[in-house]
Amino acid sequence: MKFKSRITELLGIDYPILQGGMRWAARAELAAAVGEAGGMGFISAHTQATPQALGVEIDRARALSKRPFGVNMTLLAANTGLDYAGYAATIIERGIPAVETAGGNPAEFIEQFKRAGIKVLHKCTTVRHALKAEQLGADAVCMDGFECAGHPGEDDIPALVRYFVEKHSRRMNRQVETIPAETLDLLVRYPWPGNIRELENLIERAVIVSPGPVLRVPHSELKPPTETGGDSLTLSAAERDHILKALEATNWVLAGPRGAAVRLGMKRTTLQSRMRKLGLFKGQRRK
Ligand SMILES: Cc1cc2nc3c(=O)[nH]c(=O)nc-3n(C[C@H](O)[C@H](O)[C@H](O)COP(=O)(O)O)c2cc1C
C-alpha cells in the first residue's frame, strides 16, 4: 500500500520516509536502496572530494536504481575548502530532483535550485531557522531533534556546555560553577568540526585547568578554521592536488618511464583507478 502525503506528492515517492545526508555513509548504495524501498535517499555531496566525483557517485546510484534520489549539501562553516558552487552545478547538470540543505543558510543556493526546478528541503534544529528557510523559498523543512545526531545546533550548545561542566566537575570533585558570557558566546559560534565529542573533550580539559569556580577555556582554541588554514585540507584534497601536479608535469602521460604513474611510484592501473575515484579527467587544472 502506498501512502499519500504532501511529502510523497512533492517528491514522487511511495512512503514519507527520507534518509538524510550522512557524511561518509550516504553514498550511492544507500540512496539507491532507500529509493527501491519507496522512500527518498540523499547522497552526501561533501563525502565526495570534488564536484566531478559527486557526478560519478550520482551516475553510480542511477545505475543501481531507477527510483528518484536527492543530494545533501551540508553548509557547515567547519567544512572549509569545499567547492559548493561546483557541487550545485553538478546537481543541476545531472537533473537531481531534490536537494537537502543543512548546517547553514541555504539562501545562496535555493534560488538557483528552484530555477532549475529542483525541490529544496532544508534541515535545521530550530523553528527560527525553519521559518527563515520557508521565507527563502524552501519547499519543505526537516526538523532534527536535539543535538542533530552528533553535530550540535547553535541553540543546543549552552545547555550542553552546562551539562558537561556539571558532569566533569562532579566526576573530578571540582567546584566549577560559572561560565563567562564571553566564553559561552565563543563556544556557540565555534563550528565544532569534531561534533559533540570535541565539545565534551574541550570542556573536560577546561574543568581540569580551571583554578577556581570560573570555567577557563583557552579562547585560542575556539578560532574557526579558515579557508587557507593548512589543517583544513582533507587527505583526499591533498591526494588529488598531488596527482594533478604529476599529471600536469608529465603532460597527462600516464604510462612509460616518463609517465605520471612512475613519478608517483604506482602502477598505471592504480593511478587510473585513483583518478576515477577522485573525479580527475584530462585537462583539469589545479586551483
Ligand atoms: C553518522 C551520521 C552522519 C551524519 N552526517 C550528516 C551530514 O553530513 N549532513 C547532514 O545534513 N546531516 C547529517 N546527519 C544527520 C542525518 O541526516 C539526520 O538528519 C539525523 O540523523 C536525524 O535523523 P534521525 O533522527 O532519523 O537519526 C548525520 C547523521 C548520522 C547518524
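FYI, it's all coordinate maths here, none of it is from the lab. Computed from a predicted structure; not experimentally measured. Note that each Cβ is placed from the backbone with ideal geometry, even for glycine, and that neighbours are counted across all protein chains shown.
Among rounded, prolate and oblate, which fits the chain when a ≥ b ≥ c are the square roots of the eigenvalues of its C-alpha gyration tensor, a/c under 1.5 means rounded, and a/b larger than b/c means prolate?
Working: a/c = 2.36, a/b = 1.26, b/c = 1.87.
The shape class here is oblate.
Contact order normalised by length for segment 154-222, with contacts defined as Cα pairs under 8 Å and 6 or more residues apart; what percent is it?
Relative CO of segment 154-222 lands at 41 percent.
Could you order the peptides 195-201, 44-50, 55-61 from most to least packed, using the average number of other C-beta atoms within 10 Å per residue? If you can, show how the numbers build up before the last one.
Numbers: 195-201: 15.3, 44-50: 22.7, 55-61: 18.7.
So the order, starting with the most tightly packed, is 44-50, 55-61, 195-201.
Given an 8 Å cut-off on Cα distances and at least 6 residues of separation, report the relative contact order of segment 6-144 as a percent.
Values: 262 pairs, mean separation 25.7, N = 139.
Here the relative contact order equals 19 percent.
Which one, V253, H219, G279, is farthest towards the positive end of the dipole of the chain when Lys and Arg carry +1 and Asp and Glu -1 on their Cβ?
Of the listed residues, the answer is V253.
From the Cα gyration tensor of segment 1-151, with a ≥ b ≥ c the square roots of its eigenvalues, which class applies: rounded if a/c is under 1.5, or else prolate if a/b is larger than b/c, or else oblate?
Details: a/c = 1.37, a/b = 1.05, b/c = 1.30.
It is rounded, given that a/c, with a ≥ b ≥ c, falls under 1.5.
Going by a ≥ b ≥ c, the root eigenvalues of the Cα gyration tensor, does segment 233-277 fall in the rounded group (a/c under 1.5), the prolate group (a/b larger than b/c) or the oblate group?
Details: a/c = 2.22, a/b = 1.53, b/c = 1.44.
Taking the square roots of the gyration eigenvalues as a ≥ b ≥ c, segment 233-277 is prolate.
Based on the mean of other Cβ atoms within 10 Å per residue, sort peptides 164-177, 119-132 so the most packed one is first. Please list the in-between numbers first.
Numbers: 164-177: 14.5, 119-132: 18.9.
Answer by packing, highest mean first, reads 119-132, 164-177.
Quick check on the exposure proxy: order Y190, Y163, Y84 from fewest to most C-beta atoms within 10 angstrom. Walk me through the intermediate numbers first.
Details: Y190 22, Y163 12, Y84 17.
Final ranking by Cβ density, sparse to dense: Y163, Y84, Y190.
With +1 on the Cβ of every Lys and Arg and -1 on the Cβ of every Asp and Glu, and nothing else charged, how large is the dipole of segment 233-277 about its Cα centre, in debye rounded to the nearest 20? List each step's numbers first, then the result.
On the way: 9 positive and 3 negative charges, 39 e Å.
Result for segment 233-277 is approximately 180 debye, rounded to the nearest 20.
Helix 235-249 sits at what angle to the longest principal axis of the chain, using alpha carbons and giving 0 to 90 degrees rounded to 10?
30 degrees
Just to be sure I understand: of the beta bridges DSSP finds with both ends in segment 6-144, what percent are antiparallel, rounded to 5? Walk me through the numbers before you get to the answer.
On the way: 0 of 18 bridges.
Rounded to the nearest five, the antiparallel share is 0 percent.
Using the alpha-carbon atoms, what tilt in degrees (0 to 90, nearest 10) does helix 195-209 show relative to the longest principal axis of the chain?
Its long axis makes an angle of about 40 degrees.
Select from N201, A238, V127 the residue farthest towards the positive end of the dipole of segment 125-248; place +1 on Cβ of Lys and Arg, -1 on Cβ of Asp and Glu, and compute about the Cα centre.
My answer, from the dipole projection, is N201.
What FRET efficiency comes out for A63 versus I17 if R0 is 22 angstrom and r is the Cβ-Cβ distance? Round to the nearest 0.05.
0.45
Using a simple charge model, +1 on the beta-carbon of Lys and Arg, -1 on the beta-carbon of Asp and Glu, nothing else, what dipole does segment 3-85 show about its Cα centre, in debye to the nearest 20? Intermediate results must be reported in sequence, preceding the final value.
Details: 8 positive and 7 negative charges, 25 e Å.
In debye, rounded to 20, segment 3-85 gives about 120.
Could you give the angle, 0 to 90 degrees to the nearest 10, between helix 268-277's Cα long axis and the longest principal axis of the Cα atoms of the chain?
For helix 268-277, the angle is close to 60 degrees.
Taking the Cβ of I203 as the centre, find all other residues whose Cβ is under 13 Å away and add up their charges (Lys, Arg: +1; Asp, Glu: -1). List each step's numbers first, then the result.
On the way: positive: R162, K167, R170, R171, R174, R197, R205, R216; negative: E166, E198, E200, E204, E221.
Cβ neighbours under 13 Å give a net charge of +3.
So for the chain, averaging the separation of alpha carbon pairs under 8 Å that are six or more residues apart and normalising by length, what relative contact order in percent results? Don't skip to the end; give the middle numbers.
On the way: 435 pairs, mean separation 37.8, N = 287.
RCO, the chain: 13 percent.
In debye, nearest 20: dipole of segment 130-285 around its Cα centre with unit charges on the Cβ of K, R (+) and D, E (-)?
Values: 22 positive and 20 negative charges, 279 e Å.
The calculated dipole for segment 130-285 is roughly 1340 debye.
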